[in-house]
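Student: Pasting in a structure now, in structure tokens, and then I'll have a few things to ask.
The values are calculated or read from the model by the stated rules, or taken from the named source; none is laboratory data. Everything quoted here is computed from the prediction, not taken from an experiment. Neighbour counts run over all protein chains shown; Cβ positions are idealised from the backbone, glycine included. Accessible surface areas use protein heavy atoms only, side chains included; no ligands, DNA or RNA. Shrake-Rupley method; radii C 1.70, N 1.55, O 1.52, S 1.80 Å.
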Amino acid sequence: MERPLMEDPLPPTTRQLAAGPCRGPAPGSGQLAVAGEFFELLLGEAAAIEFERPVVQARAAGAGPAELAELEQVKLRALQVREAFAARRRRESELSALFDTANDLAALHGVDQVLTAIVQRARRLLGTDTAYLTLNDDARRDTYMRVTDGSVSARFQALRLPMGAGLGGLVAQTASPYATDDYFSDPRFRHTTDINGGVDDEGLVAILGVPLVRGSQVIGVLYAADRSVRSFERSEVALLGSLAAHAAIALDNARLLEETRTALDELSTASRELRAHTESVERAAGAHDRFIDLVLHGGGVEDVAAAVTEALGGAVTVVDSDARGVRDRGTGAQVSPDAAGTLALASTTGRTVRDGEWWTAAVTVDSELLGGLVLRRAAELSESDQRILERAALVTALLLLFRRSAAAAEDRVRGELLDELFTSPGRDPEGLRERARRVGADLDARCAVVVVRVEERSQARACAAATHLAATRGGLAGVHAGRVVLCLPDVPPADAAATVRRDLTGAGAGPVTVGAAGPAAGPEALAGAHADAERCATTLVALGRAGQAAAVDELGFFGLLVGEGRDVAGFVTGELGPVLDYDARRGTELAATLRAWFDGGGSPARAAEALGVHVNTVTQRLERVGRLLGRDWSAPDRALEVQLALRLHRLAAG
């Protein structure tokens, strides 16, 4: 980089001195000789004290006051010229250092070399004992020493400064230069033990700091420091600021260079990946076309698996996922427990997940995990091949969605049929029979009617399981009045209730309460059986047996007495509470004795025989019951309530 041409080397004061020390007549030869002596001193870069010599010699030679006064003026002019030359030399040195720094930046030297050169030049130009540079560490939220020159303290060179502490903290906060003549007595900034210790260890007294600014952000501070009291001039502050600007540029260039290198590396990597991807595009396109063809021609999930095997090799297994775990869709066999976690991860990420030689892609519909495609292949699966597996999973989800839509439409038909069957069976019985035949059900077969109470969030899963069960048995299933309802032919009601509870619970429908009635044949009889089954399920809930299954015959006439809203537990407690509490505390059998007494027709002897105890024991127990329930417990009206409470308590216990 070329430096600018120097201006006229003689400043105005020099030209005035050459022209003469003052206005007026031209000086004599003696004055010119003295002026020439001052020029000799200037050319010899003499010390300021030596400029007194011509005046002293003239005074010794007997020069008059006027002549001495002129000589004093010439001396002063010469000293001004000397100072101007010194300032010019300093400025030239500063400009030279700045140009050298700019050349370093242009040559793209290492950032550490550039920063070291800047710190060294700062120390040399300002004539300080030491110079150093600190940078902010955003990760640790503090500032650290990056470069030092002239430092003798290892502690000072390894110093880390909290943000906002010390003179550097003041410079960083204000983004302005600050100087202190005496660091330890300066109250303008926050002193800390660590910083004071490091500065004291280095022996620093006067410190000048200027900010390193990138954009609007202070990224560090450049310092010049002396080990004695010193006042820094404005020109020195400006010079250090210029060097700090160059340091900031060096750091910014290093950052940009690193980003450029990173971008080039990424571009190179992307280019390699693009070439690798291009090599597999045709295979991926072929697989994609094959999948589309399968969908358009009514292919199934198994056809998709075969297409994946053809494109990628290996072996593909289609798996289903439900509350019972992950199962092979074809065989129904349980897959390893690890498969559930892998499938869940694939569903969450939406990408293929590898577990050894197993590659899994999730099959999801509306964020619901239905299953997955599991490819077993020891060889690495490229990104493009993984996309093929993921597209296959998407096509599988589409096929399952088609099936679900068809099933939903069929469920609506079944639901409408059940609604009309159970609400108005006599309006068009033949029409009901015909509609049932269209969905594979016979309303004239002797059917057990089952009503299932299930939580709303699990109703869809319960309905799906119920539909599958009914289809396998030639029955009918759907949702009616918020309940899942089944009509199962040729199955006793008690067996139907147990089967439905087992299958729906196993399908992940959660706890279900199942009531059954029948058998019944014909629309009107089925409607009556439905009402009985609904009442049976309601009775189970009222008895505190939610989550269990029973048929109407198992509840007897209590199904007629207990319904929605009845407080069975309160009734039992009100009638038998003292007896039940006494048995619980003492481990006695007063309630059992009461049941035996009622079953024996009020005979203590029969009760004793049934219980296997002495008749006196029964008598004593009944006396205890009288004290707990009151003497009228065996009166006809009260005895009926007590006996009913005993029966309800026994039913509630299952």
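Student: Could I have the simple spin-label model distance between Thr193 and Arg427, label points 7 Å from Cα toward Cβ, reported in nm to one decimal?
Tutor: 9.1 nm
Student: Sticking with this structure for a sec: Report the residues of the stretch 597-611 in range of a label on Gln620: point 7 Å along Cα→C-beta, backbone N strictly under 15 Å from it.
Tutor: Those under the cut-off are 608.
Student: Next question, about the same structure. Which distance in nm do the two modelled labels at Arg631 and Leu256 give, with both placed 7 Å along the Cα-to-Cβ direction?
Tutor: Output for this residue pair reads 11.1 nm.
Student: Something else about it: Placing unit charges on C-beta atoms (Lys and Arg positive, Asp and Glu negative, everything else neutral), compute the dipole magnitude of the stretch 109-264 about its Cα centre in debye, rounded to 20.
Tutor: Working: 16 positive and 19 negative charges, 53 e Å.
Here the stretch 109-264 has a charge dipole of around 260 debye.
Student: What does the accessible area per residue of the stretch 115-273 come to in Å², with a 1.4 Å probe and no ligands, DNA or RNA counted?
Tutor: Numbers: 7630 Å² over 159 residues.
Computed with neighbouring chains in place, this is 48 Å² per residue.
Student: Packing-wise, with mean Cβ within 10 Å as the measure, how do 209-220, 605-616 rank, highest first? Could the numbers behind the result be given before it?
Tutor: Values: 209-220: 18.8, 605-616: 15.3.
My ranking of the peptides, most packed first, is 209-220, 605-616.
Student: For labels at Asp442 and Glu416 in the simple 7 Å Cα→Cβ model, what's the distance in nm?
Tutor: 2.6 nm
Student: Say R0 is 60 Å: what FRET efficiency, to the nearest 0.05, do Glu589 and Arg140 get from their beta-carbon distance?
Tutor: Numbers: r = 76 Å, r/R0 = 1.26.
Once the sixth-power term is evaluated, E becomes 0.20.
Student: Sort 56-63, 227-234, 386-393 by the packing proxy (mean of other Cβ within 10 Å over each peptide's residues), most packed first.
Tutor: Working: 56-63: 12.1, 227-234: 14.0, 386-393: 22.2.
Averaged packing, sorted descending, gives the order 386-393, 227-234, 56-63.
Student: Gain in length, Leu43 to Ala379, computed as 0.36 nm per residue apart minus the alpha-carbon separation, to one decimal in nm? Mind showing how you got there, number by number?
Tutor: Numbers: separation 336, 0.36 × 336 = 120.96 nm, distance 8.63 nm.
Extending this stretch completely gives an extra 112.3 nm.
Student: Now a separate question. Highest mean first, how do 642-653, 43-54 rank when packing is the count of other Cβ atoms within 10 Å averaged over residues?
Tutor: Values: 642-653: 17.5, 43-54: 12.2.
The densest-packed peptide leads the list: 642-653, 43-54.
Student: Now, a different point. Nearest 0.05, what FRET efficiency do Ile249 and Arg351 give at R0 = 25 Å with Cβ-Cβ as r? It would help to have the intermediate numbers written out before the result.
Tutor: Numbers: r = 44 Å, r/R0 = 1.75.
Efficiency, from the Cβ-Cβ distance: 0.05.
Student: So how exposed is Ser268, as accessible area in Å² (1.4 Å probe, rounded to 10)?
Tutor: Surface open to solvent at Ser268 totals about 50 Å².
Student: Using only C-alpha atoms and all pairs of different ones, pull out the Kirkwood radius for the stretch 190-273 in Å with one decimal. It would help to have the intermediate numbers written out before the result.
Tutor: On the way: mean 1/r = 0.0632 Å⁻¹.
Evaluated on the stretch 190-273, it is 15.8 Å.
Student: Further question on the same structure: Provide the gained length on full extension for the span Leu640 to Val613, in nm with one decimal, where the gain is 0.36 nm per separating residue minus the Cα-Cα distance.
Tutor: Details: separation 27, 0.36 × 27 = 9.72 nm, distance 2.52 nm.
Using 0.36 nm per residue and subtracting the Cα-Cα distance, I get 7.2 nm.
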